[in-house]
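The structure under discussion appears below in the form of structure tokens.
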Amino acid sequence: MGFFPVIFPHAGGALSIKHAKKGIRLARYGCVNRPFYHIVVNHLGRNQHEQPIEQLGTYDPMPNHKKEQLVSLNVERIQYWIGEGAAVSGPCSELFGLAGILPIHPETYMKAWRARKKNLESQQVSPKEGNAEATQPAT
């Protein structure tokens, strides 16, 4: 029996120490070029792949055929753990802000602002290139 690794259920099941600090964070699963995350509650000092207390949802950052990133959340349990004082990591707070559980994270505003700026710059550059070629005299 010592030769087989211990495989933990993804839904959690670790013992919760009452006064230990807990956090809601992402635990990475999936392959090398295909990440997939579980949103879990774990003790703050533990490794992300140790058995979590509870799994609260999943996050698939790779866009599917409809260009969507899929997220599933157990909102009731997330609110329970936030009420119990669990710290929420940065990426989880961004997801929870977009889902309406927490206020929208400032990083979300910055990402949207950068995307709009990049989109405007690309739109302004492409017409200028077309006009510059048309206005040059033929030699």
Quiz item: Do we find that residue 136 is closer than 25 Å to residue 29 by Cα and modelled with pLDDT under 90 in this structure?
Solution: no
Quiz item: For segment 14-36, how many residues are touching a residue at least 40 places away in the same chain (Cβ under 8 Å) and assigned to a strand (DSSP E or B)?
Solution: 5
Practice problem: Just give me the residues in segment 71-117 being of a type in the set (S, T, N, Q), surrounded by fewer than 17 Cβ atoms within 10 Å (Cβ to Cβ) and assigned to a helix (DSSP H, G or I), in sequence order. | Solution: 79, 108
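Quick one: in segment 54-67, of everything that is in contact with a Lys or Arg (Cβ under 7 Å, 6 or more places away or on another chain) and surrounded by 14 or more Cβ atoms within 10 Å (Cβ to Cβ), which residue is nearest to residue 78 (Cα to Cα)?
Within segment 54-67, the subset in contact with a Lys or Arg (Cβ under 7 Å, 6 or more places away or on another chain) is 54, 56, 62.
Checking the rest, the ones that are also surrounded by 14 or more Cβ atoms within 10 Å (Cβ to Cβ) come to 54, 56.
Values: 54: 10, 56: 7 Å.
Going through the qualifying residues, I end up with 56.
Of all residues in segment 72-87, which are of a type outside the set (S, T, N, Q) and more than 12 Å from the chain's Cα centre (by Cα)? Break it down stepwise before answering.
Keep residues of segment 72-87 that are of a type outside the set (S, T, N, Q), which gives 73, 75-78, 80-87.
Passing the criteria: 75, 76, 77, 78, 80, 81, 82, 83, 84, 85, 86, 87.
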Self-check item: Among residues of segment 20-42, those that are within 17 Å of residue 86 (Cβ to Cβ) and surrounded by fewer than 17 Cβ atoms within 10 Å (Cβ to Cβ), counted
Solution: 2
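The values are calculated or read from the model by the stated rules, or taken from the named source; none is laboratory data. The structure displayed is predicted, hence computed values, not measured ones. As a convention, Cβ positions derive from the backbone with ideal geometry for all residues, glycine included, and neighbour counts pool all protein chains shown.
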